[in-house]
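Quick notes on the structure that follows.
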């Protein structure tokens, strides 16, 4: 690994942590648990396009673990990991199909993130009642994913080529 | 955006709206308020009787208010307090959750779930 790569990975993890932190500081506008913008996924999307699947996955997992140790708790890390892994799977499937642009990939990631978290919460709280939130989260996940995907597309065009 | 992007977005939104619409058409007024902590039913109250009660969750407390046929969480000592911001619930199936305290409050139609609570 070249030192330039090390620097870029470090930057991405740091940026993802800052965005996670910022997002956690936002006041609750949305009265549904799990509803959020998912700004951190910007970094994952950009890593996916610039660095490929393995690198993006590593950056994502390192970001989740470090963020949980720094600002969060163990249970928050579990929810975050579940959302992160399911979302990542959905995104690489969409990307491999070759049929989606960054916006579609990001929407799939956003919706899958919410679905993954609900699933873990249903097991953790031992109640199927939480499925109640799924339709609301599908709508918010689509909107948030679209916004993040469009921003990500714009950013990628402006970033210097490697 | 490609065609597949639009299809994906439309499909997800349509599915969600259909489910919400169906739920709205078939919804029935609730009878009981069921409180679960960590998956176990701990309280089973009537939605028709006003009350204010403190729920002992895992690692913290939530204040539940039942008033005028609706239930809401008015206070909580968890960090995010999302449960406090959730809308009051009144129809069967509607839910308020406090993830950090593992508390789930659900309104039910008052038949099968009420019996479940009595058995507990």
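For the stretch A:9-30, the set of residues classified as in a helix (DSSP H, G or I), without any contact (Cβ under 8 Å) to a residue 12 or more places away in the chain and surrounded by 14 or more Cβ atoms within 10 Å (Cβ to Cβ) consists of A:18 only.
Would you pick out the residues in the stretch B:99-117 that are under 19 Å from residue B:56 (Cα atoms) and at pLDDT 90 or above? Explain how you work it out, then say what you get.
So the first thing to find is which residues in the stretch B:99-117 are under 19 Å from residue B:56 (Cα atoms), and the list is B:99-107, B:117.
If the condition is that a residue be under 19 Å from residue B:56 (Cα atoms) and at pLDDT 90 or above, then B:101, B:102, B:103, B:104, B:105, B:106, B:107 are the ones that fit.
Taking (1) more than 9 Å from chain A (Cβ to nearest Cβ); (2) in contact (Cβ under 8 Å) with a residue 12 or more places away in the chain; (3) assigned to a strand (DSSP E or B) in turn, residue B:49 satisfies each apart from (3).
Only a single item in (1) at pLDDT below 95; (2) in contact with a helix residue (DSSP H, G or I) (Cβ under 6 Å, 6 or more places away or on another chain) is not met by residue A:45, and it is number (1). Once the stretch B:6-46 is narrowed to residues that are buried (at least 18 other Cβ atoms within 10 Å of the Cβ) and not in a strand (DSSP E or B), the residue that is nearest to the chain's Cα centre (by Cα) is B:30. Name the single residue that is surrounded by the most Cβ atoms within 10 Å (Cβ to Cβ) among those in the stretch A:129-138 being within 7 Å of chain B (Cβ to nearest Cβ) and more than 16 Å from the chain's Cα centre (by Cα). Per the stated criteria, the residue is A:130.
Is there a residue in the stretch A:106-114 that is over 11 Å from the mean Cα position of the chain (by Cα) and within 12 Å of another protein chain (Cβ to nearest Cβ)?
no
For first residues located in the stretch A:69-92 and within 11 Å of chain B (Cβ to nearest Cβ), partners that are assigned to a helix (DSSP H, G or I) and lie 6+ apart or on another chain with Cβ distances below 6 Å form the pairs A:71/A:21; A:76/A:68; A:79/A:117; A:79/A:120; A:90/A:108; A:90/A:109; A:90/A:112. Note on the stretch B:76-94: residues that are outside any strand (DSSP E or B), at the interface with chain A (Cβ under 10 Å from one of its Cβ atoms) and within 10 Å of the chain's Cα centre (by Cα) amount to 5.
Consider residue B:97 carefully, then state whether it is closer than 19 Å to residue B:40 by Cβ, within 14 Å of chain A (Cβ to nearest Cβ), buried (at least 21 other Cβ atoms within 10 Å of the Cβ) and within 9 Å of the chain's Cα centre (by Cα).
Details: closer than 19 Å to residue B:40 by Cβ: yes; within 14 Å of chain A (Cβ to nearest Cβ): yes; buried (at least 21 other Cβ atoms within 10 Å of the Cβ): yes; within 9 Å of the chain's Cα centre (by Cα): yes.
Criteria met by residue B:97.
Annotation: residue A:53 fulfils all but one of (1) under 24 Å from residue A:146 (Cα atoms); (2) buried (at least 16 other Cβ atoms within 10 Å of the Cβ); (3) in contact (Cβ under 8 Å) with a residue 12 or more places away in the chain; the unmet one is (2). Taking (1) surrounded by 15 or more Cβ atoms within 10 Å (Cβ to Cβ); (2) within 8 Å of chain B (Cβ to nearest Cβ) in turn, residue A:126 satisfies each apart from (1). Checked against (1) assigned to a helix (DSSP H, G or I); (2) more than 11 Å from the chain's Cα centre (by Cα), residue A:33 meets all criteria but (1).
The values are calculated or read from the model by the stated rules, or taken from the named source; none is laboratory data. Small disclaimer: the values here were computed from a predicted structure and weren't measured. Using ideal geometry, Cβ is built from the backbone for each residue, glycine included, and neighbour counts are taken over all protein chains shown.
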